[in-house]
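Written out below as structure tokens is the structure these notes cover.
Each value in this text was obtained by applying a stated rule to the coordinates, not by laboratory testing. The structure presented is a predicted model; accordingly, all values stated were derived computationally and were not measured. We place every Cβ from the backbone using ideal geometry, glycine too, and count neighbours over all the protein chains shown.
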Amino acid sequence: MLKKNLTALLIFFGLSFAVYPQESSTIRLEDLIKEALLNNPQLKAAQNQFLSSQTKVKQVTAWDAPQVGIELFQLPIQSFPNPLKNNMETDYFVQQMIPFPGKLNAMGLSAANNAKMYQEQFNALRNNVIRDLKNAYYELYLVQRKIEVNNENQELLKQFVEIASKQYQVGMGKQTDIIRAQTELSSLVNEGINLLKSKKDIETMINTILSRPPYQQLGNVPGITEEIQSFSFQQLLPVAVSNRPELKGMNYNIEMYRSELKASELEYYPDFMVRLMYKNMADTKDDFWSAMIGVNIPIAFWSKDKYSGKVEENELNIKTAEEQFNSMKNMISYEVQNAVVKLETNRNLYNLNKNTVIPQADQTLQSTIAAYRTGKTEFLMLIDAYRMLFMAKLDFYMSEMNLQQAKAQLEQAVGLPIDEINNKIK
């Protein structure tokens, strides 16, 4: 009965491997980033917003359209409904509003700085999308490594079942050892099913960033071989202050309000209206031309508050934008410091797991297997050694993922890819 159960269990485990899909191709992070930059809907929307803001420069620097018209004078009542019948004078005119020199230029500078602010917002969003994609990519790396470890452990547990069965047959083991090994195998199969679900969830997240169909299958994430150098907070902060798009955008926002302040101060100066008119006199050949020039009076007591209020508003807008800039600068300082600490912490954990914990756990497992074969230790000790190696491998891949995600966080905090950060520091 035990042999039949064992055979059925091994067949079940053999079939369980079939549920793990074989990755047909390798996906490279660089290719995914290029695709995201081309297809991500958020980036497309932000780019269109930037392009739209650029068109406002031409709009605000253009003069108002000229006006043309006809004036009819002294129309006899008898001429109704034909206004051109028996009128004494017909005037044809064209007039143009001319803004005070400097007004349109100030408004153009304001619109140009506003467009640059939207451009930096696009750059900041681009950096966030790249960071999110990298985080998801390395999460996919982790879950794929977990699946590999799960498969390896299923093979290992099969060996444990076989060893425990042989020990039981020769009277050196217990039937409970076989059952315990079978239970561990069942747990691995259950975990494997959950890992497949996690893999699908992460693939859906990546496909969403790439604007692909949500359930499109992704390939295998290759092993990570990149070395990441150490950085100090003092090295990175000046680079971040100079290159973070959020700070650049806020600086352009300040300049925009300064240009608007200049434009509002120029509103105290009058605009001009020029008119040229041709007078066509009826029943005479004494037609003539006339010209007119006029100005508005913004300093009139009933209208000046409109302009002084706009000046005061823009002065307060500048102060607000400057404080927002300072707040963002403080936030970036925190983000850089946090990224440096995370990078170094995860680097230490990665090296510890790779160079110390895994070799020790593997050596412990091999010696425990040998001891169990000769009856010098209990099966529980074998299971504990297996679990120790199992957890060590998972901790290693977790620290590897965290290290790469810390690198992505550092790049986003500074506002530049790691190779450009190195060039700036050098």
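Lys/Arg Cβ at +1, Asp/Glu Cβ at -1, dipole of the range 144-226 taken about the Cα centre: which of Val149, Ala164, Asn190 is farthest positive-ward? My answer, from the dipole projection, is Asn190. Provide the FRET efficiency to the nearest 0.05 for the Gln366-Ser242 pair, computing r from the beta carbons and using R0 = 51 Å. Taking R0 as 51 Å, the efficiency between Gln366 and Ser242 is 0.45.
Basic side chains Lys and Arg get +1 at the Cβ, acidic Asp and Glu get -1 at the Cβ, and with that the dipole of the chain about its Cα centre reaches some 1380 debye. For percent of Cα pairs over 32 Å apart, the value computed from the atomic coordinates appears in the list (i) 46; (ii) 40; (iii) 63 under label (iii). Comparing Asn422, Gln366, Thr356 along the charge dipole axis of the range 318-426, the residue lying farthest to the positive side is Gln366, per the Cβ-charge model. Take the Cα of Met331, go 7 Å toward its beta carbon, and the backbone nitrogen atoms of the range 398-415 under 18 Å from that spot belong to 409-415. Were the residues from Glu378 through Asn422 laid out at 0.36 nm apart, the gain over their Cα-Cα distance would be 10.4 nm. A convex hull fitted around the alpha carbon atoms of the range 99-167 yields 38 Å³ per residue. Need one number: nm distance between label points at Asp201 and Gln234, each 7 Å from Cα along Cα→Cβ, rounded to one decimal. It works out to 4.4 nm between the two label points. Taking 0.36 nm per residue of separation and subtracting the Cα-Cα distance, full extension of the segment from Asn39 to Glu322 would add 98.4 nm.
Each stretch of four or more DSSP H residues adds -39500 (n - 2.57); spread over every residue of the chain, this sum gives -24500 deg cm²/dmol at 222 nm. Relative to the current alpha-carbon distance between Val68 and Tyr215, full extension at 0.36 nm per residue lengthens the span by 46.7 nm. In this simple spin-label approximation, Ser52 and Tyr268 carry label points 7 Å from Cα along the Cα→Cβ vector, and these lie 3.6 nm apart. Each of Tyr141, Tyr268 has some number of other Cβ atoms within 10 Å of its Cβ, and from fewest to most they run Tyr268, Tyr141. Distance cut-off 32 Å, Cα to Cα: go down the list Lys200/Lys393; Lys116/Lys426; Lys146/Lys248 and report the pairs above it. Cα-Cα > 32 Å for Lys146/Lys248; rest within.
Projecting label points 7 angstrom from Cα along Cα→Cβ for Lys174 and Leu276 puts them 11.1 nm apart.
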